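The values are calculated or read from the model by the stated rules, or taken from the named source; none is laboratory data. Here the structure is a predicted model, which means the values were calculated and not measured. Please note: Cβ atoms are built from the backbone with ideal geometry, for glycine as well, and neighbour counts cover all protein chains shown.
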Amino acid sequence: MKTYRVTLTKAYTVTINTNEKAQAKHLAEFYTGDIQDISTDQARKEHNFSIEQIKCGMNEGFDVEEISNV
């Protein structure tokens, strides 16, 4: 069986409630990971935001490299 390393790219649409556009971008980038909200209650209170939805918009492989042929 061969072993492959597959490099993926993913794009998400995040719906977030906060006070400013720049803050929305920063908080969405910082507090999302693997299509889940990873923010804590403390972070949401401290930065005054909540993430309503994370929707996967793309999951496309763009590189495949054979690394083993066992």
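Number of residues in segment 5-50 that are farther than 30 Å from residue 65 by Cα, of a type in the set (D, E, K, R), in a loop (DSSP other than H, G, I, E, B) and in contact with a strand residue (DSSP E or B) (Cβ under 9 Å, 6 or more places away or on another chain): the value is 0. Restricting attention to segment 20-43 and to residues that are among the small types (Gly, Ala, Ser) and closer than 20 Å to residue 58 by Cα, the residue that is surrounded by the fewest Cβ atoms within 10 Å (Cβ to Cβ) turns out to be 33.
Contact annotation: no residue pair with Cβ atoms under 6 Å, 6 or more positions apart or on different chains, pairs a residue in segment 17-30 that is over 13 Å from residue 54 (Cβ atoms) and at pLDDT 90 or above with a partner that is assigned to a helix (DSSP H, G or I) and of a type in the set (S, T, N, Q). Among the residues making up segment 31-49, a single one is aliphatic (A, V, I, L, M) and modelled with pLDDT of 95 or more: 43. Per the conditions (1) outside any strand (DSSP E or B); (2) of a type outside the set (A, V, I, L, M); (3) loosely packed, with under 10 Cβ neighbours inside 10 Å, the sole criterion not satisfied by residue 68 is (1).
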